[in-house]
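Here is the structure we will look at, set down as structure tokens.
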Amino acid sequence: MELAEDWLVESLRLYQDFHAFDLSGATRVLEWIGEKGVFVAGFESSKKNEILHLILPLRLSVKENQGLFPERDFKVCHGGFSDRSVFDLKHVPDTRLLVTSGLPGHYLQVWQTGEDNDVIEAVRTIDVQDREESLWPRVSVFSSAAPGILHGTRLSGLRTVDIESQKITYSSGRLGLVDTRQKWAPLETLRPSPGSSGERWCADVRNQGQGPGPCIASLGSDGQLRLLDFRNLCHPVSSAQCPVSKPSPDPELLRVTWAPGLDNCLAISGFDGTVQIYDVTSWDGKESHVEPLFTHKGHIFLEGNEVDAALLVTTHTWHPCKPRTLLSAASDASLHVWDWVDLQASS
């Protein structure tokens with residue numbers, strides 16, 4: 001109890017803003033729609049799972065602090081139910097369509113948010129050709145004159161499908177990496193880095209225009225964080241060991257994300273009930289132990305209970321426009337939106 005009380009007092013200087021919301025079930029998807037809305041969805045296998053379109057608290061929609069607001073909580077804008085687990089959800093830009101993937105994984109589901117009502121309804125399914133019982137296709141969407149879905153369970157099975165016609169517009173076979181500065185010699189397989197045998201990992205690519213330096217961050221299930229350049233994926237530009245107490249208990253929930261509004265900042269989660277933020281400019285290029293710039297512990301301490309070792313952050317995401325604002329969700333169905341204070345910059 002003392003730890004929770006200490007954190008509550010300390011949070012007054014740790015956060016510019018902090019809002020909490022309890023979902024009906026834990027989510028592993030946080031998908032932005034504009035600057036004020038986000039989609040969440042449950043992933044339990046034994047019941048119907050809610051898909052919700054939430055509007056952020058009004059206080060987070062203004063550019064300056066204007067005092068108290070009557071609406072200080074999340075607001076449910078649209079809602080629906082899925083008969084299966086939702087492990088992946090993407091909003092199709094400039095439309096009212098969503099695409100979800102989960103188990104069983106032999107199809108994708110397309111949803112539509114109501115224009116004159118608050119319902120999210122299923123409108124069609126898209127068959128997945130590479131079916132594996134325990135796997136589900138990862139999904140990405142892109143907007144064009146005819147919006148499409150890129151999906152695949154494995155790299156060799158990637159396909160692009162037109163949403164309306166459901167026709168396959170692209171399918172991949174063998175993939176290779178080509179360096180145009182050298183004679184053509186594709187690298188079809190990359191050797192893993194030393195010590196990575198048996199590890200699981202995730203990665204994120206930094207947006208163009210965010211300055212020079214490595215553009216890929218990869219996170220191992222043991223807490224190894226590596227920065228890589230597209231031109232030489234076999235040898236990290238720098239590598240560091242994050243201070244995690246144990247390997248990730250569920251590597252599928254590992255997440256590393258670049259901050260869209262900050263240079264050289266990234267966040268990681270999936271090891272415990274925290275989200276850690278790092279400034280990679282302080283790394284010396286060699287493998288070393290690093291300390292986070294900020295650690296969000298709200299999922300652990302907000303209820304004032306003793307530390308729950310089983311609590312796990314299931315996902316997080318940066319706000320598309322507010323530089324230090326993040327959303328995070330945890331296995332206890334808590335959803336937080338928080339704006340952290342850079343104490344090093346303010347000291």
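Skipping prolines and chain starts, which residues have an amide H placed within reach, meaning under 5 Å, of the one on PHE81, given they are 5 or more residues away or on another chain?
Counting only residues 5 or more places away or on other chains, the set is ILE51.
Which order do peptides 100-109, 240-249 fall in by mean Cβ count within 10 Å, highest first?
100-109, 240-249
Can you give me the distance in nm between label points at GLU291 and ARG138, each placed 7 Å from the Cα along the Cα-to-Cβ direction?
3.4
Cα-Cα over 21 Å: which of LYS47/LYS297; LYS75/LYS322; LYS48/LYS167; LYS90/LYS167; LYS48/LYS90; LYS48/LYS246?
Details: LYS47/LYS297 30 Å; LYS75/LYS322 19 Å; LYS48/LYS167 30 Å; LYS90/LYS167 19 Å; LYS48/LYS90 19 Å; LYS48/LYS246 33 Å.
Those over the limit are LYS47/LYS297; LYS48/LYS167; LYS48/LYS246.
Could you calculate the contour length gain from GLU121 to GLU252, that is, 0.36 nm times the residue separation minus the distance between their Cα atoms, to one decimal place in nm? Provide the component values of the computation, followed by the final result.
Numbers: separation 131, 0.36 × 131 = 47.16 nm, distance 2.73 nm.
Full-extension gain reported as 44.4 nm.
Can you tell which of GLY79, THR160, GLY105 lies farthest toward the positive end of the dipole of the range 6-162, using +1 and -1 charges on the Cβ of basic and acidic side chains (Lys, Arg; Asp, Glu)?
THR160
With θ set to phi - 60°, apply the Karplus curve 6.51 cos²θ - 1.76 cosθ + 1.60 along the range 109-120 and write out the HN-Hα couplings as whole Hz, x wherever there is a Gly or Pro.
After applying 6.51 cos²θ - 1.76 cosθ + 1.60, I find 10, 9, 10, 9, 7, x, 8, 10, 8, 9, 9, 9 Hz.
Could you tell me the distance between the Cα centroids of the range 35-52 and the range 231-255, to the nearest Å?
The range 35-52 and the range 231-255 have Cα centres separated by 27 Å.
Relative contact order of the range 1-150, please, whole-number percent, based on alpha carbon pairs below 8 angstrom and at least 6 residues apart.
16
Apply the Karplus parameterisation 6.51 cos²θ - 1.76 cosθ + 1.60, with θ equal to phi minus 60°, to every residue of the range 318-327 and state each ³J(HN,Hα) to the nearest whole Hz, in sequence, with x for glycine and proline.
Per-residue couplings from phi come out as 7, 5, x, 10, 8, x, 10, 9, 10, 10 Hz.
Tabulate in residue order the Karplus-calculated ³J(HN,Hα) for the range 274-283, using 6.51 cos²θ - 1.76 cosθ + 1.60 with θ = phi - 60°, rounded to whole Hz; enter x for Gly and Pro.
Working through the residues one at a time gives 10, 10, 10, 10, 10, 9, 7, 5, 8, 6 Hz.
How far, in nm, would the chain grow between HIS235 and LYS75 when pulled straight, counting 0.36 nm per residue and subtracting the alpha carbon separation?
Here the answer is 53.0 nm.
No lab work stands behind these numbers, since they all come straight from the coordinates. Since the model is a prediction, treat every value here as computed from it, not as a measurement. FYI the Cβ positions are ideal-geometry reconstructions off the backbone, even for glycines, and counts take in every protein chain you see.
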